[in-house]
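Just so you know, all these numbers are worked out from the coordinates, no wet-lab data involved. Predicted model, so just to flag it, every value in this text is computed and none were measured. Cβ sites come from the backbone with ideal geometry, for glycine too, and all protein chains shown count toward neighbours.
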């Protein structure tokens, strides 16, 4: 288990504190989320958790840091935006990240008329995190929308499937792949949203890569090597003069 080290402040300079539910191996200052949420500690906060879903522990750590006046990575706004596929794609596109055109609707007819088949369907409902569903016909599309919209209570985000979908673990914007386009997308998404641990869904079309969606990683998806990599990244970032902009 990571050692918990008491925070301190010297001459008005904020020191970096990592708040994490992972057993990080680096010699860094770490506090468990449950302890941090009960504190009024003043520090620069690295929120390194496995779950950044809305109203889950990773979200609350960033929100608590902001409420008590601490700078924090990632911000609660970025957590919410990344988990809402249409907002994720809009912000990504503005930042120059390749994306697929999308349609936000609860209408099967509209999806068929404007996008055709096959399509990938992502939830817009903030409480569904099951990735995406692929529909090759109307029956499958009806099932996908019903499932991801909580029986048509929410819209969905539909995207044309022109190639093949892949999912990548993103650890501080890095992953084990030789695909340079994928690596650039992961790096840029981390640069924009600053979410250290997540899964990104990417569509490859004729050799080109396009960002399609975001999903939290489950604890059992993180290997011991992943945790070691996260520990190394946290150690490097904790030594930077300006962790927000570096």
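Data table
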item	result
The chain, relative contact order in percent, only Cα pairs under 8 angstrom and at least six apart counted	19
Using alpha-carbon coordinates, inclination of helix 85-94 to the longest axis of the chain, degrees	80
Estimated distance in nm for a label pair at residue 218 and residue 153, the labels positioned 7 Å out from Cα along Cα-to-Cβ	2.3
Candidates 170, 223, 107, ranked by Gaussian network fluctuation over the chain, Cα under 10 Å, top entry	223
Unit Cα scatterers, Debye sum, the chain: log10 I(q)/I(0) for q = 0.07, 0.16 Å⁻¹	-0.25, -1.11
Beta bridges by DSSP in the chain, antiparallel share as percent, to the nearest 5	70
Degrees separating the helix 224-238 axis from the principal Cα axis of the chain, which is the longest one	60
Helix-only mean residue ellipticity at 222 nm for the chain, each DSSP H run of n ≥ 4 adding -39500 (n - 2.57), per residue, nearest 500	-9500 deg cm²/dmol
For the stretch 13-66 and the stretch 151-175, distance of Cα centres in Å	27
Residue with peak Gaussian network fluctuation, the chain [Cα springs, cutoff 10 Å], from 105, 85, 40	40
Full-stretch length increase - residue 139, residue 235 - with 0.36 nm per residue and alpha-carbon distance subtracted	29.6 nm
Length gained when the stretch residue 39-residue 107 is fully extended (0.36 nm per residue, less Cα-Cα span)	19.8 nm
C-alpha long axis of helix 180-193 to longest principal axis of the chain, angle in °	60
Per residue Cα convex hull volume in Å³ - calculated over the stretch 103-160	60
